[in-house]
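Quick one: this structure, given as structure tokens, is what I'll be asking you about.
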Amino acid sequence: MSNENEAIVEKEEIEKPLPEKQRVEGEPTAAFKGAAWSALFIGVIAYLIGLYNADMQLNEKGYYFAVLVFGLYASVSLQKAVRDKEEGVPVTSIYYGISWFALIIAISLMGIGLYNAGSITLSEKGFYGMSFVLSIFAAITIQKNIRDTQRARENE
């Protein structure tokens, strides 16, 4: 009889659902946050490994590195300005305009640099372009996730 009771207890323990982690309404899931951070790390690390292994002069590598950093900053700044404006947080038109201008300049500098780079192959140009775009998109997504999480916790 005790074997039956032990079997029932074991069965109940196995079938017992795991406790769900409480997620606040409006907060992105942990999987989405993880995917965004992974995309950022993959994009930036791939870009930097490509630069490290590239057969270019140091000043060219510095140019592409500076454009990446500038693009990441500009994209986060623009996302913040757009989100603030949407939520009714005061944003000066000069800051909003400069944020747009900075991102457009960063993307333009990357495109112009890759177009005029004679020392790298077309596949390398594509690699740098795609890892740049992936990094920019991931930075925007992470900033959005941070804001969504912050807002959801404030409303809790």
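Values quoted throughout were computed directly from the atomic coordinates according to the rules given, and no laboratory measurement underlies them. A quick note: this is a predicted structure, and the numbers were derived from the prediction, not measured. Glycine also receives a Cβ, built like all others from the backbone with ideal geometry; neighbour counts cover every protein chain displayed.
Based on the Cα gyration tensor of the chain, what are the three equivalent ellipsoid semi-axes, each the root of five times an eigenvalue, rounded to whole Å and given largest first? Mind dumping the intermediate values first?
Details: eigenvalues 398, 133, 14 Å².
The three semi-axes for the chain are 45, 26, 8 Å.
A follow-up question, please. Using Cα atoms only, what is the angle between the long axis of helix 122-155 and the major principal axis of the chain, expressed in degrees (0 to 90) to the nearest 10?
50 degrees
Enter the angle in degrees (range 0 to 90, nearest 10) between the Cα long axis of helix 30-53 and the first principal axis of the Cα atoms of the chain, meaning the one along which they spread out most.
It is inclined by approximately 40 degrees.
Within the chain, which is the longest segment that contains none of the trypsin sites (Lys or Arg not before Pro) sitting in a DSSP loop with at most 16 other Cβ atoms within 10 Å? Before the final figure, lay out the partial values.
Working: sites that count: 21, 23.
Counting at most 16 other Cβ atoms within 10 Å as exposed, the longest clean stretch of the chain is 24-156.
I would also like to ask the following. Estimate the FRET efficiency between residue 25 and residue 121 by the formula 1/(1 + (r/R0)^6), using the beta-carbon distance for r and 41 Å for R0, to the nearest 0.05.
On the way: r = 49 Å, r/R0 = 1.20.
Calculated value: 0.25.
Give the residue list of GluC sites (Glu not before Pro) in the range 85-133 that are DSSP loop and have at most 16 other beta-carbon atoms within 10 angstrom.
Details: sites: 86, 87, 124; in loops: 87.
The qualifying sites are 87.
Compute the length gained on full extension between residue 89 and residue 49: take 0.36 nm times their separation in residues and subtract their Cα-Cα distance, giving the result in nm to one decimal.
Values: separation 40, 0.36 × 40 = 14.40 nm, distance 3.92 nm.
Working it through step by step, the gained length comes to 10.5 nm.
Can you tell me the relative contact order of the range 22-136? Whole percent, Cα pairs under 8 Å, sequence separation 6 or more.
On the way: 70 pairs, mean separation 46.7, N = 115.
Answer for the range 22-136 is 41 percent.
Compute the angle between helix 58-86 and the longest alpha-carbon principal axis of the chain, please, reported from 0 to 90 degrees and rounded to the nearest 10.
60 degrees
Continuing with the same structure: Rank the residues 84, 55 as a footprinting-exposure proxy: fewest other Cβ atoms within 10 Å of their Cβ go first. Write out the running numbers ahead of the final one.
Numbers: 84 15, 55 8.
Listing 84, 55 from fewest to most nearby Cβ atoms yields 55, 84.
Let me check I've understood the local charge: for residue 76, count other residues with C-beta under 14 angstrom from its C-beta, Lys and Arg +1, Asp and Glu -1. What total comes out?
Working: positive: 80, 83, 144, 147; negative: 84.
That works out to +3.
Can you give me the distance in nm between label points at residue 38 and residue 109, each placed 7 Å from the Cα along the Cα-to-Cβ direction?
3.1 nm
Charges at C-beta only: +1 for Lys and Arg, -1 for Asp and Glu. How large is the resulting dipole of the range 29-155 about its Cα centre, in Debye rounded to 20? List each step's numbers first, then the result.
Working: 10 positive and 8 negative charges, 61 e Å.
For this selection, approximately 300 debye.
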